[in-house]
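The values are calculated or read from the model by the stated rules, or taken from the named source; none is laboratory data. Since we're looking at a predicted model, the values are computed, not measured. Neighbour counts run over all protein chains shown; Cβ positions are idealised from the backbone, glycine included. Accessible surface areas use protein heavy atoms only, side chains included; no ligands, DNA or RNA. Shrake-Rupley method; radii C 1.70, N 1.55, O 1.52, S 1.80 Å.
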Amino acid sequence: MAKINKAWIVAAAVLVAAGGYAKAQQKTATTAAAATPAYKTVKLDRKQIDALLAKPGELTIIDVRRPDELTRIGGFPVYLSIQNDDVEKNLAFIPKDRKIVTVSNHAGRALKIGDLLSSKGYNVVGAIGVQNYEEEGGKLTRIEPKAPATAAVTK
């Protein structure tokens with residue numbers, strides 16, 4: 001009888017521990033979901049971007065990355081480069097009569113700026129991360145910095 005009681009006690013302890021673990025996992029998942037902001041701007045994939053790029057007269061691409069990210073990673077062939085923190089003070093340079101796609105490395109900043117522009121009346125059709133685009137088979141344009149000119153040596 002003593003062996004059965006010990007077995008029940010061990011089983012009960014395991015169930016209690018498993019329940020506590022499940023609650024901790026649920027709390028972690030809920031906290032992670034709350035920490036991830038929800039954006040209204042749609043994250044686009046390669047096929048959607050390629051379709052938009054096929055009609056360049058209707059599209060404006062706004063790349064919100066830093067210049068070093070543009071040169072290191074690459075981007076689309078034509079874009080407005082307005083860094084994330086400068087978008088709101090440069091709204092006058094962004095055309096309202098075109099479809100807008102915002103760009104960052106993995107779309108995080110692009111989604112945020114897409115929502116900002118939408119709230120200001122711009123026609124934001126979506127956001128994309130250039131690294132995601134490239135992973136899906138898209139080709140990026142890379143700008144190679146020119147080597148500094150060397151002065152001619154005179155004697």
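Quick one: in region 117-126, of everything that is part of a strand (DSSP E or B) and either out of contact with any Gly (no Cβ under 6 Å at 6 or more places or on another chain) or open to solvent by 70 Å² or more (accessible area, probe 1.4 Å) (or both), which residue is farthest from Gly74 (Cα to Cα)?
Asn123
To keep it simple, each residue is scored yes or no on (1) surrounded by 14 or more Cβ atoms within 10 Å (Cβ to Cβ); (2) closer than 19 Å to Asp68 by Cβ.
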| residue | (1), (2) |
| --- | --- |
| Asp86 | no, yes |
| Leu91 | yes, no |
| Arg98 | yes, no |
| Ala110 | yes, yes |
| Asp115 | yes, no |
| Ile128 | yes, no |
| Asn132 | yes, no |
| Thr141 | no, yes |
| Ala149 | no, no |
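Let's see how each residue does on (1) more than 24 Å from Asp50 (Cβ to Cβ); (2) in contact (Cβ under 8 Å) with a residue 12 or more places away in the chain; (3) out of contact with any strand residue (DSSP E or B) (no Cβ under 7 Å at 6 or more places or on another chain); (4) of a type in the set (Ser, Thr, Tyr):
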residue	(1), (2), (3), (4)
Tyr79	no, yes, no, yes
Gln83	yes, yes, yes, no
Asn90	yes, no, yes, no
Pro95	no, yes, no, no
Arg109	no, yes, yes, no
Ser119	yes, no, yes, yes
Gln131	no, yes, yes, no
Glu134	no, yes, yes, no
Leu140	no, yes, no, no
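May I ask you to say which residue of Thr60, Thr71 is of a type outside the set (Lys, Arg) and at pLDDT 95 or above? It would help to see each step written out before you state the result.
Values: Thr71 fails: at pLDDT 95 or above.
The conditions single out Thr60.
Filter region 43-74 down to the residues that are open to solvent by 80 Å² or more (accessible area, probe 1.4 Å) and within 11 Å of Leu111 (Cα to Cα) and list them by number.
Matches in region 43-74: Lys43 only.
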